[in-house]
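Worksheet: one structure, shown below.
The values are calculated or read from the model by the stated rules, or taken from the named source; none is laboratory data. Predicted, not measured: the structure shown is a model, and the values here were computed from it. Heads up, the Cβs are rebuilt from the backbone with ideal geometry, glycines too, and the neighbour counts pull from every protein chain shown. To get the accessible areas, we keep the full protein, side chains included, count just its heavy atoms, and leave off ligands, DNA and RNA. Shrake-Rupley method; radii C 1.70, N 1.55, O 1.52, S 1.80 Å.
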Amino acid sequence: MDKLNTLKKYFGYTAFREGQEILIDNILQGRDALGIMPTGAGKSICYQIPALLMPGITLVISPLISLMKDQVQALNQAGVHAAYINSSLSESQISRALRLAAGGQYKIIYVAPERLETYEFLQFAQKAEISMLTVDEAHCISQWGQDFRPSYLKIVQFIRRLDKRPVISAFTATATENVKEDIVCVLGLREPYVLVTGFDRKNLYFAVETPAGKDRYVRDYIREHDQESGIIYCATRKNVDRLYDRLLAEGVPAARYHAGLDSEERRQSQEDFIYDKSPVMIATNAFGMGIDKSNVRYVIHYNMPQSLENYYQEAGRAGRDGERAECILLYSAQDVMINRFLLDNKEQKGEYTREELDAIGERDEERLRSMIYYCLTTDCLRRYILRYFGEKGMESCGNCRNCLREYEETDVTGAAVKIIAGIREMRQRYGINVVAGMLAGEDRARLREYGVNGYEAFGSLKELREGEIKEIINRMLVENLLVMTNDKYAVLKLTEQSDEVVSGKVSVILKKAKRDPAREKEAGAGKRSGSTKVRRSDILNSRGLELFEQLRTLRAQIAREENVPPYIVFSDKTLVDMCVKVPLGRNDMLTVSGVGENKFARYGERFLGEIQTYTGGIREKFYFGDGDGI
Ligand code: ADP
Ligand code: ZN
């Protein structure tokens with residue numbers, strides 16, 4: 001069977017997505033491969049299809065138990081023989097799984113890296129025919145990455161112990177150069193085919209909001225999206241507990257997750273969320289890695305995270321099914337302080353020299369700063385993120401808060417020139433508070449200590465409020481017309497571009513939202529006009545939506561019977577496609593996206609029955625517009 005038929009038969013899709021085919025081809029030719037693709041791009045299929053087409057077994061190294069379970073469940077549903085081996089199984093279950101594996105029972109086996117060096121597993125691996133070894137979440141091997149896992153280093157020794165070196169493929173969503181080099185180098189990939197696909201997630205809408213009351217914002221948002229599943233990330237456990245209690249008291253159903261809860265409670269709330277029993281999860285960043293739930297419709301950050309790497313990864317858990325989803329960050333200046341505190345008190349894993357620690361501290365500080373600028377920028381948020389990850393040249397996206405907001409522009413070049421003069425006169429030794437206070441001509445004891453009133457520039461911007469001066473300085477920082485040192489003093493320094501402002505080559509424009517975003521929010525959370533993309537089910541007319549709801553009910557029923565999450569039965573996207581195509585027989589049903597032969601054999605008749613009953617066997621048009629819409 002060829003790869004396209006395999007895609008259809010097992011996964012029910014008719015075409016490959018960007019990058020999938022070329023990776024699969026290279027792997028099938030026996031070449032090592034590294035796929036760097038954003039969350040939701042479809043990395044799993046890049047190794048699952050070769051695994052099905054190659055002889056023997058594919059081992060998939062994966063860092064998280066929940067992830068393995070989910071993947072294996074989904075594969076078995078699709079008719080692929082797969083298993084996982086990790087510490088959630090008892091010794092006898094492991095022995096049994098290995099015995100079945102040795103007997104050729106499985107095409108794909110997921111293992112935790114710790115397992116690789118156990119005697120029993122090695123015994124098995126040395127005898128078995130292992131065609132490929134896949135390293136999922138491969139960035140865990142890099143000390144540069146966010147989630148370095150020492151046990152990932154065991155993979156290398158494991159490979160050396162095999163008689164025959166299998167093809168090695170590695171996948172990650174982390175794109176930085178350091179991490180990429182580490183993966184290739186540490187894993188010992190041989191002339192790998194490296195593919196980096198675009199990091200843009202077109203279906204995600206990005207926004208930074210500064211509501212007067214975050215709790216109220218979150219509550220209203222959840223209420224307005226009560227049919228939908230979402231995650232609220234908070235910076236601390238305390239925040240999680242507080243918000244959770246508050247929402248519960250107001251009758252908003254939610255689950256919570258953080259490292260301070262006992263493992264049973266964590267397991268339970270994770271399950272409630274995955275099985276759509278609690279549509280909302282309130283959690284610290286301990287939650288989410290390995291959560292494969294594809295129908296998360298929104299991710300709200302109650303606090304600003306420490307870096308854009310963290311932010312994009314967490315926000316990226318929204319909309320994995322490719323349907324529209326929202327990523328909203330609730331910013332307040334206090335978040336900056338929380339994060340500084342967290343960074344200052346961060347425990348470093350491993351041993352480091354003083355110099356290394358300083359370097360790490362500086363790097364963290366720099367990351368935090370880029371995160372803050374994301375919250376302050378008035379430019380396209382998507383473009384800002386993509387630039388940060390090294391993708392240049394994108395136009396404004398038209399699908400983020402900033403692109404959709406109307407601004408008033410003010411030329412503040414004159415003030416910027418005075419700011420630069422002030423910083424220069426103060427010999428680039430002070431941070432934003434002292435500089436802004438000095439220029440505004442403030443006469444506070446703290447400022448007098450620095451002798452600010454002795455400068456010529458003292459009060460040279462006294463027509464402005466201190467806050468306005470800070471706003472201009474922030475704007476200049478975002479545009480790199482000034483920089484801040486990467487230490488806690490955050491001293492303002494001039495850059496080469498500063499001179500271009502002074503010489504009149506560059507002007508500084510301050511953009512202000514025309515309407516007050518906080519007040520607008522109070523008028524109704526999440527109500528935006530002019531948004532360009534709609535959710536896929538929005539294409540259904542009222543009859544179509546009714547059918548969609550019935551199919552969802554059937555799906556929930558099947559999920560309960562089989563004890564799997566609903567999205568593992570069929571995704572929302574698949575159900576919408578059923579409403580559009582209105583299949584009345586087997587062949588029709590197989591043209592629906594996400595319906596493969598195995599899924600058809602399991603569920604096809606029941607869904608056909610539901611559609612038959614609803615339509616009386618007469619096909620009608622259940623959607624708006626003329627195209628097929630999907
Ligand atoms: P990643 O691991 O890159 O985050 P997944 O492998 O979990 O992403 O895939 C994300 C979603 O996209 C899954 O629901 C998967 O079934 C779907 N998907 C993958 N490849 C295709 C394809 N070629 N056509 C349609 N859907 C796909
Ligand atoms: Zn934009």
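Projecting the Cα positions of Q29, T615, A15 onto the charge dipole of the chain (unit charges on Cβ atoms of Lys, Arg, Asp and Glu, taken about the Cα centre) puts T615 furthest along the positive direction. One Cα centroid belongs to the stretch 1-69, the other to the stretch 390-462; the line between them spans 51 Å. Note: relative contact order over the stretch 405-484, using C-alpha pairs below 8 Å and six or more positions apart, is 32 percent. Restricting the stretch 349-393 to GluC sites (Glu not before Pro) that sit in a DSSP loop and have at most 14 other Cβ atoms within 10 Å of their own Cβ leaves E351. Relative to the dominant Cα principal axis of the chain, helix 91-102 is inclined by about 70°. Between amide H atoms placed 1.01 Å from N, distances below 5 Å from T495 occur with V483, all of them 5 or more places distant or on a separate chain. Packing, as the average of other Cβ atoms within 10 Å across residues, places the peptides 262-274, 75-87 in the order 75-87, 262-274, highest first. Rolling a 1.4 angstrom probe over the stretch 239-344 with all protein chains present gives an accessible area of which 49% lies on carbon and sulfur atoms.
Entry comment: accessible area of the chain is 45 Å² per residue, from protein heavy atoms only and a probe of 1.4 Å. Residue ranges 607-615, 488-496, 37-45 sort as 37-45, 607-615, 488-496 when ordered by packing (mean number of other C-beta atoms within 10 Å per residue, highest first). Using only side-chain charges placed at the Cβ, +1 for Lys and Arg and -1 for Asp and Glu, the dipole size of the stretch 263-347 relative to its Cα centre rounds to 120 debye. Straight Cα distances below 13 angstrom link K488 to the aspartates and glutamates D344, D358, E362, D364, E365, E366, with same-chain residues fewer than 8 positions distant left out. The mean sequence distance of close C-alpha pairs (under 8 Å, at least 6 residues apart), as a share of the length of the chain, puts its relative contact order at 14 percent. Straightening the chain between Y407 and K505 buys 32.9 nm, computed as 0.36 nm per residue apart minus the Cα-Cα spacing.
Between V483 and E91, the modelled label-to-label distance comes to 5.8 nm, taking each label 7 Å out from Cα in the direction of the beta carbon. For K107, the lysines whose Cα comes closer than 20 Å to its Cα, not counting residues fewer than 8 places off in the same chain, are K3, K8, K9, K43, K69, K127, K164, K599.
Applied to the stretch 213-221, the Karplus parametrisation 6.51 cos²θ - 1.76 cosθ + 1.60 on θ = phi - 60° returns per-residue 3J(HN,Hα) values of x, 5, 4, 5, 4, 4, 4, 4, 4 Hz, with x for Gly and Pro. Per residue, the average separation of C-alpha pairs within less than 8 Å and at least 6 apart gives the stretch 326-457 a relative contact order of 14 percent.
Go through the stretch 123-178 and name the trypsin sites (Lys or Arg not before Pro) that are in a DSSP coil and have 14 or fewer other Cβ atoms within 10 Å of their Cβ.
Counting only loop positions with at most 14 other Cβ atoms within 10 Å, the trypsin sites (Lys or Arg not before Pro) in the stretch 123-178 are K164.
Scoring 176-188, 427-439 by mean Cβ neighbours within 10 Å over their residues and listing the highest first yields 427-439, 176-188. Close amide H pairs (under 5 Å, H built 1.01 Å from N) link L34 with A170, Y193, V194, L195, residues at least 5 positions away or on another chain.
Between G431, C397, T413, the Cα set farthest toward the positive side of the dipole of the stretch 396-468 (charges on each charged residue's Cβ, about the Cα centre) is that of G431.
Dipole size of the chain about its Cα centre, with +1 on Lys/Arg Cβ and -1 on Asp/Glu Cβ: approximately 700 debye, rounded to the nearest 20. Centre-to-centre separation between the Cα atoms of the stretch 591-612 and those of the stretch 178-194: 41 Å.
From the Cα gyration tensor of the stretch 270-404, with a ≥ b ≥ c the square roots of its eigenvalues, which class applies: rounded if a/c is under 1.5, or else prolate if a/b is larger than b/c, or else oblate? Oblate is the answer for the stretch 270-404, as a/c is 1.5 or above yet b/c matches or exceeds a/b.
Here R446 and M337 are evaluated by their C-beta separation; at R0 = 22 Å the FRET efficiency comes out at 0.80.
Phi-derived couplings, Karplus 6.51 cos²θ - 1.76 cosθ + 1.60 at θ = phi - 60°, listed residue by residue for the stretch 463-475: 6, 9, 7, 4, x, 5, 5, 4, 4, 5, 4, 4, 4 Hz, with x used for Gly and Pro. Once backbone amide H atoms are built at 1.01 Å from N, Y84 has Y110 as its partners under 5 Å, excluding neighbours fewer than 5 places away on the same chain. Under conditions of 4 °C and 1.567 mPa s, the chain yields 48 µm² s⁻¹ as its translational diffusion coefficient, taking Rh as the Kirkwood radius over Cα pairs in the Stokes-Einstein equation. For a modelled paramagnetic label at Q227, 7 Å from Cα along Cα-to-Cβ, the residues of the stretch 589-623 in reach, with backbone nitrogen under 16 Å, are 622-623. Looking at the chain alone, DSSP beta bridges between its own residues are antiparallel in about 15 percent of cases.
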